[in-house]
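All remarks here apply to the structure that follows.
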Amino acid sequence: MSTSEDLGSIYSDKKQPIVGVIYYLVHRKGRLNLIKLKEKLEGKMDIEELYEEEITKDSDEEIYVPEIFKDEEQKVLLKTTIDKIILTPTSLFGRATLDKPVTLQYRNHRILVINTIEIHFMILRDNKINRNFLVILGSRANSRELFVSINKFLEDLGIIAVPSRLEPEKIDEVREELKGELLDTTLWNFPSPKIKMKRIIGRGYQNEPSYLRDAQVGSVHQHMFEFKKGEGRPNVVNLSEDGLVRFYNSVSYKDYEFFLREHIFYRLRQIKKPEVPIIAYAIASEIFEEEQEQEESGVY
């Protein structure tokens with residue numbers, strides 16, 4: 001397991017393809033004190049019992065559960081833990097571990113295995129629009145699973161994460177701003193009930209008449225495009241309506257955060273209100289600060 005020093009190196013130095021899904025953080029008035037939020041979240045865990053039907057859903061075939069995955073009461077528990085969080089100059093960068101059940105086929109037997117995966121995440125504030133964000137760094141599937149657990153931690157602190165949306169015209173704006181060459185586009189919302197989606201693959205077709213006609217009657221669901229800044233190597237990025245931003249080339253998490261700040265956050269829209277009321281618990285009130293106090297503390 002990585003140390004705090006390793007986590008700092010992962011954030012700043014390690015370069016790899018990165019994908020993340022962005023969520024808004026909704027809370028009462030005042031700014032989040034990231035140092036105190038780190039203290040409240042780090043080391044917290046959420047344990048959920050694996051429902052019995054998950055083990056016996058195929059009644060004709062018994063699933064063998066190794067003893068290592070059972071507790072003293074012979075129950076299978078799944079655990080999500082926020083292992084470590086570091087404070088970067090601009091954000092909180094953390095690592096969570098998440099238990100995921102899978103079944104393996106071994107000859108005439110099925111065996112339940114609990115696979116523990118690591119998922120990184122960021123919590124940060126965008127001062128341009130005075131909003132806070134949670135960015136879960138991983139696939140859509142992993143993001144959805146961690147989103148449920150991490151929200152349970154946050155709700156105890158009077159904070160709720162809700163999904164974001166990047167509207168089709170905003171996706172186009174980013175591509176145009178970066179002078180990107182389109183490589184892969186999915187269009188949907190066509191007026192014809194017989195056409196659900198169209199996918200266009202090529203290079204630099206953003207001004208092609210056939211593409212422009214389709215884009216005029218449909219709307220952009222996702223764009224993959226290549227862009228270049230300065231003298232560096234080209235970047236290939238994918239932007240989707242559900243707030244997913246994926247880099248196919250290798251970048252650091254620090255660079256990824258900079259891209260979100262520079263091009264994405266202020267273009268997002270919050271699409272859902274919290275399903276439960278926001279309650280600022282007394283134990284968590286210290287993580288919220290008045291605007292002036294936060295500015296003086298230097299924590300953003």
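The values are calculated or read from the model by the stated rules, or taken from the named source; none is laboratory data. Predicted model, so just to flag it, every value in this text is computed and none were measured. Note: ideal-geometry Cβ built from the backbone for every residue, glycine included; neighbour counts use all protein chains shown.
For segment 152-180, the set of residues classified as closer than 18 Å to GLN216 by Cβ and in a loop (DSSP other than H, G, I, E, B) consists of GLU167 only. When you check VAL162 against the structure, is it touching a Pro at 6+ places or on another chain (Cβ under 7 Å), closer than 28 Å to GLY94 by Cα and touching a residue at least 40 places away in the same chain (Cβ under 8 Å), yes or no? Yes; evaluated as a whole, the condition is true for this residue.
Report yes if some residue within segment 131-140 is in a helix (DSSP H, G or I) and either in the same structural domain as PRO89 (by TED's automatic domain parsing) or touching a strand residue (DSSP E or B) at 6+ places or on another chain (Cβ under 9 Å) (or both); otherwise report no.
Going through segment 131-140, the residues in a helix (DSSP H, G or I) turn out to be 140.
Filter once more, so that each one left must be either in the same structural domain as PRO89 (by TED's automatic domain parsing) or touching a strand residue (DSSP E or B) at 6+ places or on another chain (Cβ under 9 Å) (or both): 140.
The answer is yes; a qualifying residue exists.
Looking at ARG144 and the list (1) under 24 Å from GLN16 (Cα atoms); (2) crowded, with 18+ Cβ neighbours inside 10 Å, which single condition is not satisfied? For ARG144, the exception is condition (2). The set of residues from segment 246-262 being assigned to a strand (DSSP E or B) and either of a type in the set (Ser, Thr, Tyr) or assigned by TED's automatic domain parsing to the domain that holds SER143 (or both) comprises TYR248, SER250. The set of residues in segment 181-197 that are closer than 10 Å to VAL220 by Cα, modelled with pLDDT of 95 or more and not hydrophobic (A, V, I, L, M, F, W, C) comprises THR185, THR186. Going by the conditions given, is VAL76 touching a helix residue (DSSP H, G or I) at 6+ places or on another chain (Cβ under 9 Å) and free of Cβ contacts under 8 Å to residues at least 40 places away in the same chain? It is true that VAL76 is touching a helix residue (DSSP H, G or I) at 6+ places or on another chain (Cβ under 9 Å) and free of Cβ contacts under 8 Å to residues at least 40 places away in the same chain. Here GLN216 meets the list (1) more than 16 Å from the chain's Cα centre (by Cα); (2) surrounded by 14 or more Cβ atoms within 10 Å (Cβ to Cβ); (3) of a type in the set (S, T, N, Q) almost entirely, failing just condition (2). Would it be correct to say that ILE123 is within 12 Å of the chain's Cα centre (by Cα) and closer than 24 Å to SER240 by Cα? So ILE123 fits the description; yes.
Residue by residue, here is whether (1) modelled with pLDDT of 85 or more; (2) surrounded by 12 or more Cβ atoms within 10 Å (Cβ to Cβ); (3) not in a strand (DSSP E or B) holds:
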| site | (1), (2), (3) |
| --- | --- |
| LYS40 | yes, yes, yes |
| ASP46 | no, yes, no |
| ILE68 | yes, no, yes |
| GLN74 | no, no, yes |
| LYS79 | yes, yes, no |
| ILE82 | yes, yes, no |
| PRO89 | yes, no, yes |
| LEU92 | yes, yes, no |
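Counting the residues of segment 147-194 that are surrounded by fewer than 17 Cβ atoms within 10 Å (Cβ to Cβ), farther than 21 Å from HIS263 by Cβ and either touching a His at 6+ places or on another chain (Cβ under 6 Å) or among the basic types (Lys, Arg) (or both) gives 3.
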